[in-house]
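The values are calculated or read from the model by the stated rules, or taken from the named source; none is laboratory data. Just so it is clear, the model here is predicted, and its values are computed rather than measured. Positions of Cβ are backbone-derived with ideal geometry, glycine not excepted, and every protein chain shown enters the neighbour counts. The protein model used for the area step is the full one, side chains on, heavy atoms only, and it has no ligands, DNA or RNA in it. Shrake-Rupley method; radii C 1.70, N 1.55, O 1.52, S 1.80 Å.
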Amino acid sequence: MFDKNLHSRLKEINTKLTAIEKNIMKTAVRLDINLQQELADNVEEMIDYELEVAVGCYVGDNKLCKLREYLKRCSIKNEHKLWGLADGNNHNEFEHRENHAMKDDQHCWLFHCLYDHENMSWEDIASIEYFWVDILPRYQYRIDTPNTIFTSTARHVIYSDNYKFGMTDIAYNLFPDIFDAYPLDLCKFEKIGHHLQENITDVNLKPMSDEDLAIFHTTDYLQSLREDKSIIEGVVAFSAPPFITASMLNEHLVDSARAMTTGTVYAAEIALKTGWAINIGGGFHHARADSGGGFCFFNDYAIATHNLRQINPDLKILYVDLDAHLGDGVISFAKDTKNFYILDMYNAFTKLDEEYRVKTDIDKRFTLIGLQSYTADKTYLGLLRDHLPKMIDSIQPDIIYYNGGSDVLIGDSLGYLSISPAGLIERDLFVFGEAKKREIPIMMCLSGGYGKENYHHVIKSLEAIINLMKK
């Protein structure tokens, strides 16, 4: 005899999944129309796209399974047979079986996938409490044939699919105003990675374990990230809906930062071996040992330093931070770290008596240059040219960490400086050029940079760097 309470619960799950299917297709059609237009206009030399749809099923913080499919051209009726989502058909394989408890039920496609594709029991399906829905555009871009300057066989650009951030379709539709105004472009690193994939090293960068992160971070902080949703929300400055759990946020958000931290450690090793490396991500310069902030969960520079000094305890490091914000997390780490030097140019966000203010610490290890808001190319680049070469020659570092934030660009919603796109390229080329002519290894992380167009300018600057370093 089929349990009536179980049957009733299964019908509830089916009703929820039916609503989710309609929501998925509504959002997918909207995204598909936009992407088709971009494809027709050859935006950023895009040659194709698809939409990755993922539905995670959770009991509390425990994930039972994830359903995943790919859609495209779903806004054009009958051109493609789409996955069965919201098609109005009954996907109950038991409807023609006599004496079956589910015989007369209407099943949506996702419900069918749970018991047929995932082989879940009725009891497991009935136990589901939450659903997490991701709809992520996946872009394909034209890759030009490399010029002769790209003859080096070593690949210096670090990127992984594990860097991709999840975006909850449910939350987006419930709070569209919040998500539209949110400064982070969650597809930024993927777009950059696609454009530069000819130069990307082929390596699987997995999210860093808590055991490895604990080389710098406290166990209490790492545990709180796993269990306390409010800690995560504080770092990313967003309050997630109640049905989104800490486990969901870890899988779809924090794990991306864990993978980027692995990438920074790997990039530092590559730079020491080959002369230079760029991590398409990372640069979490606000994270401290016991806390995160400013979109930074983990201090990847501190962890990379601990890793490199397992081999050379006396390794001398110059950290150059040109993000628009002060790298307070790195400064906190470096105060008690020998042979670690800092040049940090940042927006002071306070009224200064002059255009800028230079501070140095007692032992001259840190040079901090606070800028007036809306500082432009001439002053900014002039200060960089005045201070960076002198510091390099004085310190003679074994490696340079370069936190190359692009939130200095004019119009950035969080940086409030006025550096032009040409100025960004000139800045990055100057930093890499100073390292190259002295044959000092250099490792760059992208750090901050906000808005929908930011990635476009970053790509041009990174292409210029690759051009320079491979000559």
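Here are some notes:
- Pairs linking a residue in region 8-21 that is under 12 Å from L114 (Cβ atoms) to a residue that is open to solvent by 60 Å² or more (accessible area, probe 1.4 Å) and outside any helix (DSSP H, G or I), with Cβ atoms under 9 Å and 6 or more positions apart or on different chains, are N14/Q106.
- The residue of region 231-258 that is most open to solvent (accessible area, probe 1.4 Å), among those that are among the hydroxyl-bearing types (S, T, Y) and either outside any helix (DSSP H, G or I) or out of contact with any helix residue (DSSP H, G or I) (no Cβ under 9 Å at 6 or more places or on another chain) (or both), is S239.
- Looking only at region 264-275, residues that are touching a helix residue (DSSP H, G or I) at 6+ places or on another chain (Cβ under 7 Å) and open to solvent by less than 10 Å² (accessible area, probe 1.4 Å) come to 2 in all.
- Residue in region 174-188 that is buried (at least 20 other Cβ atoms within 10 Å of the Cβ) and at pLDDT 80 or above present: yes
- Checked against (1) open to solvent by 20 Å² or more (accessible area, probe 1.4 Å); (2) modelled with pLDDT of 85 or more, C108 passes all but a single condition, namely (1).
- Matching residues, region 241-263, being more than 20 Å from L64 (Cβ to Cβ), within 11 Å of the chain's Cα centre (by Cα) and not aliphatic (A, V, I, L, M): S256, R258, T261
- Test: K22 is over 27 Å from the mean Cα position of the chain (by Cα), at pLDDT 85 or above and part of a helix (DSSP H, G or I): yes
- Region 25-51 - residue that is in contact with a Pro (Cβ under 8 Å, 6 or more places away or on another chain) and assigned to a helix (DSSP H, G or I) and, of those, surrounded by the most Cβ atoms within 10 Å (Cβ to Cβ): L35
- Residues that are more than 24 Å from T245 (Cα to Cα) and surrounded by 14 or more Cβ atoms within 10 Å (Cβ to Cβ) within region 52-73 comprise L71, K72, R73, listed in sequence order.
- Selection count, region 391-416, where residues are in contact with a Ser or Thr (Cβ under 7 Å, 6 or more places away or on another chain) and farther than 28 Å from L315 by Cβ: 2
- Counting only strands (runs of 3 or more DSSP E) that sit wholly inside region 288-399, those with at least 3 residues that are crowded, with 18+ Cβ neighbours inside 10 Å and not polar (S, T, N, Q) are 317-321, 340-347, 366-371.
- Here region 207-231 is the region considered, the condition is being within 20 Å of Y163 (Cα to Cα) and in contact (Cβ under 8 Å) with a residue 60 or more places away in the chain, and the residue that is nearest to the chain's Cα centre (by Cα) is M208.
- Only one of the numbered conditions (1) open to solvent by 10 Å² or more (accessible area, probe 1.4 Å); (2) in contact with an Asp or Glu (Cβ under 7 Å, 6 or more places away or on another chain); (3) not acidic (D, E) is violated by I465, and that is (1).
- Filter result (crowded, with 19+ Cβ neighbours inside 10 Å and either over 14 Å from G449 (Cβ atoms) or touching a Lys or Arg at 6+ places or on another chain (Cβ under 8 Å) (or both)) within region 427-437: V431, F432, E434, A435
- Filter result (part of a helix (DSSP H, G or I) and either touching a His at 6+ places or on another chain (Cβ under 8 Å) or of a type in the set (V, I, T) (or both)) within region 211-230: T219
- Residues (more than 14 Å from I342 (Cβ to Cβ) and in contact with a Ser or Thr (Cβ under 6 Å, 6 or more places away or on another chain)) located in region 360-390: Y374, A376, D377
- Residues that are open to solvent by 50 Å² or more (accessible area, probe 1.4 Å) and under 30 Å from K436 (Cβ atoms) are absent from region 211-224 altogether.
- In region 115-167, the qualifying residues are those that are part of a helix (DSSP H, G or I) and modelled with pLDDT of 90 or more, and the one that is nearest to L85 (Cα to Cα) is I125.
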